[in-house]
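This report concerns only the one structure given below.
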Amino acid sequence: MKKRIAAIFVLTFFVAFLLSGCAASLNHSDVVSFADPMTENLLIAMNDNNYSAFSKDLDSAMKNAVPKDKFPALISQIEGKIGKYVPNSKQFVKAYKTGKFTNVVYKAKFTNESSVTVRVVFDKEGGVFKVSGLWFDSPKLRKK
């Protein structure tokens, strides 16, 4: 199960990496109104192990990638290495477009890792921004 979740994240990261060559930079002011609250909600929902709150802003593809029965494995994988998110600790790093996707990168603190990169990808679904991808990166997460 962990390998499947890891494979989904690796595949999505690879696709995003390939698309990053076509990236157009955005300002924080371009994305703050939707990205900041959705990102904070995702991270707090993970802390609380609350799938309903976690999934409320996900697009249909992301809901299929992380269904309710796979959510505990995602939580375990993250918390097992870097702990829980420290609420309101995320700091905007950059935002950029890759094709139709809006990527927003933050640095955040977790209880067992002081600097974690959190990248949230947004896409419009029905004219509304929804979370289409979520990645975490840190030295502890890269360790096997």
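Taken together, the values in this text are just the output of simple stated rules run on the coordinates, not laboratory data. Model, not experiment: these values are computed from the prediction. So basically every Cβ, Gly included, is an ideal-geometry build from the backbone, and we count neighbours across all protein chains shown.
If I ask for residues that are touching a helix residue (DSSP H, G or I) at 6+ places or on another chain (Cβ under 9 Å), without any contact (Cβ under 8 Å) to a residue 60 or more places away in the chain and among the polar types (S, T, N, Q), which ones from the stretch 90-116 would you list?
Thr111, Asn112, Ser115
Would you check if there is a residue in the stretch 57-75 being out of contact with any Gly (no Cβ under 8 Å at 6 or more places or on another chain) and part of a strand (DSSP E or B)?
yes
Output the residues belonging to the stretch 124-140 that are touching an Asp or Glu at 6+ places or on another chain (Cβ under 8 Å) and either crowded, with 17+ Cβ neighbours inside 10 Å or of a type in the set (Phe, Trp, Tyr) (or both).
Phe129, Lys130, Val131, Ser132, Ser138
Please state which of the following conditions Lys81 fails to meet, knowing it meets all the rest: (1) part of a helix (DSSP H, G or I); (2) under 21 Å from Ser25 (Cβ atoms).
If we test Lys81 against (1) part of a helix (DSSP H, G or I); (2) under 21 Å from Ser25 (Cβ atoms), just (2) comes out false.
Checking Thr117 against (1) buried (at least 17 other Cβ atoms within 10 Å of the Cβ); (2) assigned to a strand (DSSP E or B), which single condition isn't satisfied?
(1)
Quick check: anything in the stretch 52-71 touching a residue at least 12 places away in the same chain (Cβ under 8 Å) and within 21 Å of Lys144 (Cα to Cα)?
yes
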